[in-house]
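The next block holds one structure in the form of structure tokens; read it before the comments.
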Amino acid sequence: MSKHTLDPNKWIDLYSDYLFNYTISRVNDREIAKDLIQDTFIAGLKSMKNFKGNASERTWLISILKRKIIDYYRKSNSKKGQAEVRINYNSEENEGDWLEERVADPFDKTAEDEMENSELGDAIYSCLDKLPEKQAQVFKMKTILNYETEAICNELNITASNLWVIIHRARVAMAECMQKHWF
Amino acid sequence: MYAKTLVLIEPETSDMKKSFLFISCEEAQHICDKSQYGEATFWERVKLSIRLSWCKVTQAYTKSNRKLTNAIKSSKVDCLKDSEMEALKTQFEEQLKKPH
């Protein structure tokens with residue numbers, strides 16, 4: 001099996017979106033997620049000599065990021081000193097039913113849902129990685145960041161019809177890839 | 001004496017092409033893409049519906065296109081904005097210059 005190598009010059013372009021998506025689904029804060037991925041890249045840079053080449057670059061960076069996320073939660077919990085419990089009572093009649101209320105809350109996401117969402121996110125990013133750079137960029141801007149067509153055209157200096165051709169090709173490739181790996 | 005020949009007129013060469021409500025498969029797919037982002041006009045959606053009622057290719061494309069849209073929406077996938085990516089790059093490039 002061929003050994004993997006590290007090229008930190010390409011880390012930001014290749015992995016920052018993937019790592020960001022991985023982090024934001026776990027910490028729910030954009031600024032914290034950005035700090036954590038910055039810390040991950042720096043930690044990766046410092047421990048490059050420990051990389052044995054058995055795992056891919058992305059897997060190796062994710063393993064560093066996982067430790068960073070655990071450290072973040074450890075620190076934030078030690079600052080709090082105690083667990084925070086939020087209780088909402090709808091009316092006086094319901095008072096005392098808070099435990100059942102928490103358990104049966106239909107709007108609460110279950111752990112399984114969260115897990116499936118994060119796996120689906122991983123599948124989407126794996127398919128995005130296979131797209132040509134321009135297609136991936138336009139698709140991300142339009143579909144994930146929800147930018148207006150005009151804003152993307154101005155930013156990338158392309159016409160609207162160009163944009164829709166790129167989007168069409170990206171969507172066809174994405175649907176095909178997702179069909180193979182997810183649906 | 002004269003053999004009668006049957007001439008098949010394809011939709012592209014007939015008046016259908018000129019008709020306001022009939023669109024090609026490519027155009028239908030383009031409208032379908034736009035409608036995934038809520039950017040198809042009312043008349044475009046009408047034209048797409050007509051094409052969808054009989055064209056198997058458009059039906060298959062629309063189905064997989066909607067599936068993709070739903071998957072992305074339900075995943076709540078997120079990514080960095082260009083400005084955030086640039087800021088990250090600048091900070092990291094400074095780190096790269098340092099000896100490790």
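Pairs linking a residue in segment A:37-53 that is at the interface with chain B (Cβ under 9 Å from one of its Cβ atoms) and surrounded by 16 or more Cβ atoms within 10 Å (Cβ to Cβ) to a residue that is of a type in the set (Ser, Thr, Tyr) and in a helix (DSSP H, G or I), with Cβ atoms under 7 Å and 6 or more positions apart or on different chains, are A:Ile37/A:Ser16; A:Ile37/A:Thr23. Note on segment A:158-168: residues that are more than 7 Å from chain B (Cβ to nearest Cβ) and buried (at least 17 other Cβ atoms within 10 Å of the Cβ) amount to 2.
Hand me the list of helices (runs of 4 or more DSSP H) wholly inside segment A:121-183 holding 3 or more residues that are in contact with a Ser or Thr (Cβ under 9 Å, 6 or more places away or on another chain) and touching a residue at least 24 places away in the same chain (Cβ under 8 Å).
In segment A:121-183, A:160-181 are the helices (runs of 4 or more DSSP H) which contain 3 or more residues that are in contact with a Ser or Thr (Cβ under 9 Å, 6 or more places away or on another chain) and touching a residue at least 24 places away in the same chain (Cβ under 8 Å).
Report whether or not B:Lys17 is in a helix (DSSP H, G or I) and at pLDDT below 95. Yes, satisfied. Taking segment B:37-63 as the range and being crowded, with 19+ Cβ neighbours inside 10 Å and facing another protein chain (nearest Cβ under 10 Å) as the test, only B:Tyr61 passes. Pairs needed: first member in segment A:65-78, in the same structural domain as A:Arg26 (by TED's automatic domain parsing) and farther than 13 Å from A:Leu19 by Cβ; second member anywhere, among the charged types (D, E, K, R) and not in a helix (DSSP H, G or I); C-beta distance under 9 Å; at least 6 residues apart or different chains. If the second residue must be among the charged types (D, E, K, R) and not in a helix (DSSP H, G or I), no pairs are left. Take the residues in segment A:1-46 that are of a type in the set (Val, Ile, Thr) and under 9 Å from the mean Cα position of the chain (by Cα); name whichever of them is nearest to B:Glu93 (Cα to Cα). Across segment A:1-46, the extreme among qualifying residues is A:Thr23. Candidates are the residues of segment B:77-100 that are more than 21 Å from the chain's Cα centre (by Cα) and assigned to a loop (DSSP other than H, G, I, E, B); the one that is surrounded by the most Cβ atoms within 10 Å (Cβ to Cβ) is B:Leu80. Going through (1) touching a residue at least 12 places away in the same chain (Cβ under 8 Å); (2) facing chain A (nearest Cβ under 7 Å); (3) of a type outside the set (Phe, Trp, Tyr) one by one, B:Cys32 falls short only on (2).
The values are calculated or read from the model by the stated rules, or taken from the named source; none is laboratory data. For clarity, every value in this text was computed on a predicted model and none was experimentally measured. Heads up, the Cβs are rebuilt from the backbone with ideal geometry, glycines too, and the neighbour counts pull from every protein chain shown.
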